[in-house]
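Undergrad: This is the structure I want to talk about, given as structure tokens.
The values are calculated or read from the model by the stated rules, or taken from the named source; none is laboratory data. Worth saying up front: this structure is predicted, and the values here are computed from it rather than measured. Neighbour counts are summed over all protein chains in view; Cβ atoms, including those assigned to glycine, are modelled from backbone coordinates with ideal geometry.
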Amino acid sequence: MTSPDSITLHRPLDMHLHLRDGDMLRLVAPHSASNLAGAVIMPNLVPPLTSVEMLTAYRGRILAAAGPHAASFQPLMTLFFQHYTEAALAAAQPHLFAIKLYPHGVTTNSDSGIHSIDAAEPTLKLMEAMGIPLLVHGETTGFVLDREAEFLSIYGRLATRFPRLRIVMEHITTAAAVALLDRFENLHATVTGHHLVITLDDVAGGLLQPHLFCKPIAKRPEDRDALLAAALAAHPRLMLGSDSAPHPQHAKECCGCAAGVYTAPLLLPRMAQLFAEHGALENLQAFVSDNAIRIHGLNPPDKSVTLARQPWTVPSAYEGDPGLKVIPWEAGRELLWSIQA
Ligand code: NCD
Ligand code: ZN
């Protein structure tokens with residue numbers, strides 16, 4: 001149901017989410033589990049998730065942290081890409097949504113990422129044959145504003161060499177990546193909420209904003225505009241993936257700020273506000289759920305969330321144990337839309 005002042009989203013999903021572990025997991029998991037029907041859980045823990053045992057144990061900790069929301073929240077688990085045997089993949093597949101590939105050293109906890117795409121081919125071939133999707137952090141280690149653009153030819157090569165492999169370009173940030181989506185049928189993409197709103201100017205154009213610093217870094221206005229246009233039009237191969245990536249306040253507000261923006265608590269209200277602002281509310285359902293369900297053949301729990309044009313102030317911080325504090329995107333700001341109980 002959609003009116004200019006309210007929308008009920010059916011089975012909303014976050015197709016790229018960092019939940020961490022331990023105290024941080026306990027603090028942040030309810031912010032996603034309470035209002036989403038499911039989320040794709042990133043495997044870049046320390047050490048990374050590389051075995052079926054680690055995967056199932058982590059899934060258990062996530063559901064425990066989700067508490068009363070666990071029954072209506074489906075964690076879609078991912079393994080950290082490495083060279084896997086067919087036997088290892090077959091054992092993991094029943095518990096697995098996809099495998100996430102990080103190039104070595106491009107982002108938080110990617111030290112065990114791959115050094116060569118060519119060397120990854122045997123595992124990619126197995127994934128293609130078995131129908132396991134490949135999620136990719138597509139950045140090189142080049143000049144920071146060009147890292148995604150430099151990776152696009154690799155996406156093209158992967159899409160051509162593995163035509164039946166379902167490839168997702170994670171958290172795209174450039175107009176060129178949007179254009180690439182239309183060139184290969186097996187390429188898909190997620191985009192974050194914050195990359196639909198901010199540009200590099202918001203991060204570093206005035207006083208430096210550590211809570212907007214993430215990988216890939218926000219780009220130029222024309223990039224943001226192309227991402228936004230594709231999202232508002234509910235491009236059929238584009239999905240919302242928040243890349244909500246919490247770090248403790250002390251790891252963000254320091255010399256050597258960690259990359260990652262914490263967006264989970266305000267994800268749906270902020271997206272409703274954005275789509276309403278642009279008169280595109282009727283396309284929000286496809287962007288936050290239908291596209292992902294169709295692309296991946298998902299069957300998340302039957303859960304609906306109503307958002308309404310009712311102001312809500314984003315908390316200035318979220319606090320957990322012991323002394324853990326995380327600053328969200330839009331901290332202390334009033335949003336025009338909120339989740340209805
Ligand atoms: C993520 C994190 O903190 O785990 N950071 C980020 O800036 N997005 C990792 C990632 O998705 O790149
Ligand atoms: Zn991420």
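Undergrad: May I ask you to verify whether Thr199 is within 16 Å of ligand 2 (Cβ to nearest atom) and either over 18 Å from Asp146 (Cβ atoms) or among the β-branched types (Val, Ile, Thr) (or both)? Don't jump to the end; show me each part of the working.
TA: On the way: within 16 Å of ligand 2 (Cβ to nearest atom): no; either over 18 Å from Asp146 (Cβ atoms) or among the β-branched types (Val, Ile, Thr) (or both): yes.
No, not satisfied.
Undergrad: Working only within the range 183-193, note down all residues that are in contact (Cβ under 8 Å) with a residue 40 or more places away in the chain and either more than 16 Å from ligand 2 (Cβ to nearest atom) or closer than 19 Å to Ala149 by Cα (or both).
TA: If the condition is that a residue be in contact (Cβ under 8 Å) with a residue 40 or more places away in the chain and either more than 16 Å from ligand 2 (Cβ to nearest atom) or closer than 19 Å to Ala149 by Cα (or both), then Leu187, His188, Ala189, Thr190, Val191, Thr192 are the ones that fit.
Undergrad: Here's something else I'd like to know. Identify, from the list Gly142, Gly105, Gly131, the residue that is loosely packed, with under 15 Cβ neighbours inside 10 Å, within 27 Å of Pro47 (Cα to Cα) and within 16 Å of ligand 2 (Cβ to nearest atom).
TA: Details: Gly142 fails: within 16 Å of ligand 2 (Cβ to nearest atom); Gly131 fails: within 16 Å of ligand 2 (Cβ to nearest atom).
Answer to the selection: Gly105.
Undergrad: Quick check on the range 112-128: of everything there that is free of Cβ contacts under 8 Å to residues at least 40 places away in the same chain and within 16 Å of ligand 1 (Cβ to nearest atom), which residue is farthest from Pro163 (Cα to Cα)?
TA: Gly113
Undergrad: From the set of residues in the range 1-19 that are surrounded by fewer than 20 Cβ atoms within 10 Å (Cβ to Cβ) and of a type outside the set (Asp, Glu), which is nearest to ligand 2 (Cβ to nearest atom)?
TA: Here is the first cut: in the range 1-19, the residues surrounded by fewer than 20 Cβ atoms within 10 Å (Cβ to Cβ) are 1-6, 8, 10.
Adding the requirement that they be of a type outside the set (Asp, Glu) leaves 1-4, 6, 8, 10.
Details: Met1: 32, Thr2: 30, Ser3: 34, Pro4: 33, Ser6: 31, Thr8: 28, His10: 25 Å.
Taking the candidates together, the pick is His10.
Undergrad: Next question. Does the range 307-324 hold any residues that are out of contact with any Lys or Arg (no Cβ under 6 Å at 6 or more places or on another chain) and under 27 Å from Glu170 (Cα atoms), and which are they?
TA: Selection gives Leu307, Tyr318.
Undergrad: Looking at (1) closer than 27 Å to Pro216 by Cβ; (2) modelled with pLDDT of 95 or more; (3) polar (S, T, N, Q), can you tell me which one Thr107 breaks?
TA: The failed condition is (2).
Undergrad: Listed residues Ala33, Ala70, Ala65, Ala91; which is modelled with pLDDT of 95 or more, away from ligand 2 (no atom under 16 Å from the Cβ), surrounded by fewer than 19 Cβ atoms within 10 Å (Cβ to Cβ) and closer than 24 Å to Lys325 by Cα?
TA: Every option except Ala70 fails the conditions.
Undergrad: Can you confirm whether Gly256 is within 15 Å of ligand 1 (Cβ to nearest atom), buried (at least 18 other Cβ atoms within 10 Å of the Cβ) and at positive phi? Before you say what the answer is, go through the steps one by one.
TA: Values: within 15 Å of ligand 1 (Cβ to nearest atom): yes; buried (at least 18 other Cβ atoms within 10 Å of the Cβ): no; at positive phi: yes.
Answer is no for this residue.
Undergrad: Among what's in the range 259-273 and is touching a Ser or Thr at 6+ places or on another chain (Cβ under 8 Å) and of a type in the set (A, V, I, L, M, F, W, C), pick the residue that is surrounded by the fewest Cβ atoms within 10 Å (Cβ to Cβ).
TA: Kept after step one, since they are touching a Ser or Thr at 6+ places or on another chain (Cβ under 8 Å), are these residues of the range 259-273: 259-264, 267, 269-270.
Narrowing further to those that are of a type in the set (A, V, I, L, M, F, W, C): 259, 261, 264, 267.
Working: Ala259: 16, Val261: 28, Ala264: 30, Leu267: 25.
Taking the candidates together, the pick is Ala259.
Undergrad: Please determine, by comparing only the residues of the range 43-61 that are within 16 Å of ligand 2 (Cβ to nearest atom) and in contact (Cβ under 8 Å) with a residue 60 or more places away in the chain, which one is surrounded by the fewest Cβ atoms within 10 Å (Cβ to Cβ).
TA: Filtering first and then ranking leaves Val46.
Undergrad: Quick one: which residue in Ala98, Ala64, Ala92, Ala88 is in contact (Cβ under 8 Å) with a residue 12 or more places away in the chain, more than 23 Å from Glu170 (Cα to Cα) and among the small types (Gly, Ala, Ser)? Before the answer, list the steps.
TA: Working: Ala98 fails: more than 23 Å from Glu170 (Cα to Cα); Ala64 fails: in contact (Cβ under 8 Å) with a residue 12 or more places away in the chain; Ala92 fails: more than 23 Å from Glu170 (Cα to Cα).
The match here is Ala88.
Undergrad: Any idea which residue in the range 202-214 is nearest to Glu148 (Cα to Cα), counting only those that are in contact (Cβ under 8 Å) with a residue 24 or more places away in the chain and in a helix (DSSP H, G or I)?
TA: The qualifying residue nearest to Glu148 (Cα to Cα) is Leu212.
Undergrad: I'm checking my understanding of the structure. Among residues of the range 151-191 that are part of a loop (DSSP other than H, G, I, E, B), among the polar types (S, T, N, Q) and within 16 Å of ligand 1 (Cβ to nearest atom), which one is surrounded by the most Cβ atoms within 10 Å (Cβ to Cβ)? Let's see the steps before the verdict.
TA: Let us first name the residues in the range 151-191 that are part of a loop (DSSP other than H, G, I, E, B), namely 162-166, 170-174, 182-186.
Now narrow it down to the ones that are among the polar types (S, T, N, Q): 173-174, 186.
Next, only the ones that are within 16 Å of ligand 1 (Cβ to nearest atom) stay: 173-174.
On the way: Thr173: 30, Thr174: 25.
The selected residue is Thr173.
Undergrad: Go through (1) over 19 Å from Met169 (Cβ atoms); (2) within 18 Å of the chain's Cα centre (by Cα) for Gln249 and report which single condition fails.
TA: Looking at each condition in turn, Gln249 falls short on (2).
Undergrad: Restricting the search to the range 20-30, which residues are buried (at least 24 other Cβ atoms within 10 Å of the Cβ) and either away from ligand 1 (no atom under 15 Å from the Cβ) or within 16 Å of Pro301 (Cβ to Cβ) (or both)?
TA: The answer is Ala29, and nothing else.
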